[in-house]
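Here is the structure we will look at.
Values quoted throughout were computed directly from the atomic coordinates according to the rules given, and no laboratory measurement underlies them. Treat the numbers as computed from the prediction; the structure is a model and nothing was measured. Positions of Cβ are generated from backbone atoms using ideal geometry, with glycine treated the same way; all protein chains shown enter the neighbour counts.
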Amino acid sequence: MIYKVSYLVVEADHPGAVLDQEKAPEVGDRVQLGDRVFEVLEVEELIPPMGEFSFLHVTCRPVEDEQ
């Protein structure tokens with residue numbers, strides 16, 4: 001299955017992204033968009049899967065440096 005994932009970033013000045021992935025993101029996952037890391041807050045299916053494709057919308061927030 002290929003997941004077309006739309007990432008919406010909240011709490012930051014970031015344009016988000018649309019990516020093709022082989023694994024669906026889950027709440028709590030971390031994803032790198034550009035040079036920054038974000039935590040997944042919500043995952044919503046936009047429409048039912050079509051063949052080998054699934055369309056997801058993800059809301060995420062920046063992860064603060066953990067150093």
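Please turn the phi angles of segment 51-56 into ³J(HN,Hα) values with the Karplus equation 6.51 cos²θ - 1.76 cosθ + 1.60 (θ = phi - 60°), one per residue in order, whole Hz, x for glycine and proline.
Along segment 51-56, the couplings run x, 9, 10, 10, 10, 10 Hz.
Antiparallel versus total DSSP beta bridges in the chain: what percent is that, nearest 5?
So the antiparallel bridges in the chain amount to around 70 percent.
At a 10 angstrom cut-off on C-beta neighbours, averaged per residue, how do the peptides 5-18, 43-56 rank from highest to lowest?
My ranking of the peptides, most packed first, is 5-18, 43-56.
By what distance, in whole Å, do the Cα atoms of segment 2-62 stretch along each of the three principal axes, largest value first?
The Cα atoms of segment 2-62 stretch 34, 18, 18 Å along their principal axes.
Label-point separation (nm) for Leu41 and Gln21, each offset 7 Å from Cα along Cα-to-Cβ?
Here the modelled spin labels are 1.6 nm apart.
What's the extension gain from Arg61 to Ile2 if we count 0.36 nm per residue and subtract their Cα-Cα distance?
18.9 nm
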